[in-house]
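Report on the following structure.
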Amino acid sequence: LPALIGKKRDGQRLEEAEIQSFVSGITEGTAQQGQIGAMLMAIRLRGMDMCETLALTRAMAASGRALAWPQAWRGRLVDKHSTGGVGDKVSLVLAPALAACGCKVPMISGRGLGHTGGTLDKLEAIPGFRVNLSPEEMRDALERVGCCIVGQSEELCPADRVLYALRDVTATVDSLPLITASILSKKAAERLSALVLDVKYGRAALCPTRDSARRLARSLVWVSSQLGFRGSAVLTPMSQPLGRRLGHSLEVLEALEALHGGGPSDLRHLVTMLGGLLLWQCGLAEAAEQGQQLLKGVLDNGSALATFEAMLGVQGVPPKTAKLLCTGTPAQRWQVLGQASIQEELNAPGGGKGWVRGTTPTSTRWVQQIEALPLAQVLHRLGAGRERAGDRINHRVGAELLVTAGQRLQEGEAWLRVHHDGGLDEEGRKALQAALCLAPEPPSSPPEFVTETILPTGD
């Protein structure tokens, strides 16, 4: 293994057998954590070509069991993956909505990486929710409900489970080949028919620019085709948070609003856009636009919500808890999830960024955008994220945006509500205030939700 690390460190290409040897060392326990971390950094700095990336993906997928499904489900097995964003709770809404449309959704998700929240962490804010299901339990969940959202078990892609945790603490989260292999090894083990990928870009995303997001999306779509399933990708900007609630418990509440047919427009748009592509790719809709209408229908008629409640039940949530969460009052939902001890509101500042000195206190300005990265970083420090693999997180920490881009805001008016259990100091408040971008005029154009779609060759 030291020779392989040195080879990649020096920028040389690894052969498929060498990559398999590295992955075997991870799963067999012969590779030390320091060696694995060194290889991750070498890959991050030197990169991998497409054939190396494909070989790494295949080796990681082969490190554990592959899931087996009934022949009758063939063509309807679908999944979605996001590269990680601030406030991204799409999976919580999309998985049950797709199941309500007739798909089978064996969604294998991850925990938070860096400043971004993880789907599993959000679901674990719900008392009793089990993210670790055996392959047999996953099959039972799909048989009874149509979807499940689980983590990487010891049986499924064990090599990726090790690498995923170490990437978070070795500053190698943003490596294109490591991202591709991590995402698609799990999807290969799922034996999917179709996959849609939400590749985010911007200051708060893994990909800093649209060009880098495009490169990752093309890598994901090409490797998917080589693995035998139809992959498509959409590029979405991540300069502002998705939705209006950030933090694990708060994002569960916002996902429930969307499952009730409401919720923020950007969240609903992305759910139906991604779902429409999948329904088209697996043949349940004649076009992506028709698929979007089907998704809107199950969100509005309650069938997606009923499927989500059933999914909670098969994944360990007591029936009474699931019922209160899905059909209870807002107060009952807070009772189920718990609430931070402090809800602190921040007001739009006087003077400085976006304000003209000498104006009266009643002056107003327009919200240009609310930057996602400072919000996520402060919430991370307050306990919503991890510094080391295995750290406990505080599901109650979060924030609510009280305004959105394009809205008028008066000096001194509350624009953010922070939920925390202490620890928000003046430095943190200043960082949060810096996220609010104001100007004397309204934004020149509305924010874009999806900027590009990348399909397999020939589609």
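What the table shows:
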quantity: Computed E for Asn347/Glu154 - FRET, C-beta separation, R0 30 angstrom, nearest 0.05; calculated: 0.05
quantity: Between 0 and 90°, nearest 10: helix 176-190 axis offset from the chain longest Cα axis; calculated: 70 degrees
quantity: Net dipole in debye of the chain [+1 Lys, Arg Cβ; -1 Asp, Glu Cβ; about Cα centre; nearest 20]; calculated: 180 debye
quantity: Cα-centre dipole for segment 1-47 with unit charges at Cβ (Lys and Arg positive, Asp and Glu negative), debye to 20; calculated: 280 debye
quantity: Dipole axis of segment 85-231 (+1 Lys, Arg; -1 Asp, Glu on Cβ), positive-most option in Ser185, Ser219, Phe229; calculated: Ser219
quantity: Per-selection Kirkwood Rh - segment 244-289 (Cα, Å, 1 d.p.); calculated: 11.5 Å
quantity: Relative contact order (percent, whole number), the chain, Cα cutoff 8 Å, 6+ residue spacing; calculated: 18 percent
quantity: Chain lengthening between Ser363 and Arg392 when straightened (0.36 nm per residue, less Cα-Cα); calculated: 6.1 nm
quantity: For segment 88-142: relative contact order, % (alpha-carbon pairs under 8 angstrom, 6 or more apart); calculated: 26 percent
quantity: Peptides ranked, highest mean first, by Cβ atoms within 10 Å: ranges 167-175, 228-236; calculated: 228-236, 167-175
quantity: Rounded to the nearest 20 debye, dipole of segment 342-439 from Cβ charges on Lys, Arg, Asp, Glu; calculated: 200 debye
quantity: Per-peptide average of other Cβ atoms within 10 Å, ordering 126-135, 244-253, 142-151, 211-220 highest first; calculated: 244-253, 142-151, 211-220, 126-135
quantity: Accessible surface of the chain [probe 1.4 Å, protein heavy atoms]: carbon and sulfur percent; calculated: 48 percent
quantity: Highest average packing first - 40-50, 181-191, 57-67, Cβ atoms within 10 Å; calculated: 181-191, 57-67, 40-50
quantity: Out-of-range pairs (alpha-carbon distance over 29 Å; input Lys122/Lys200; Lys7/Lys80; Lys200/Lys430; Lys89/Lys430); calculated: Lys7/Lys80
quantity: Residues Thr30 and Ala434, FRET efficiency given R0 of 45 Å [Cβ-Cβ distance, rounded to 0.05]; calculated: 0.40
quantity: Normalised contact order of segment 1-47, rounded percent, pairs of Cα under 8 Å and 6 or more residues apart; calculated: 55 percent
quantity: Selection from Pro70, Gly383, Leu92, by position along the positive dipole direction of the chain (Cβ); calculated: Pro70
quantity: MRE, 222 nm, helices only [DSSP H, n ≥ 4, -39500 (n - 2.57), over the chain, to nearest 500]; calculated: -13500 deg cm²/dmol
quantity: The chain - accessible surface per residue (Å², probe 1.4 Å); calculated: 39 Å²
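The values are calculated or read from the model by the stated rules, or taken from the named source; none is laboratory data. No experiment lies behind these values; they were computed from the predicted model shown. No Cβ is skipped: glycine too gets one built from the backbone with ideal geometry, and neighbour counts run over all protein chains shown. These area figures cover heavy atoms from the full protein model, side chains too; ligands, DNA and RNA do not enter into them. Shrake-Rupley method; radii C 1.70, N 1.55, O 1.52, S 1.80 Å.
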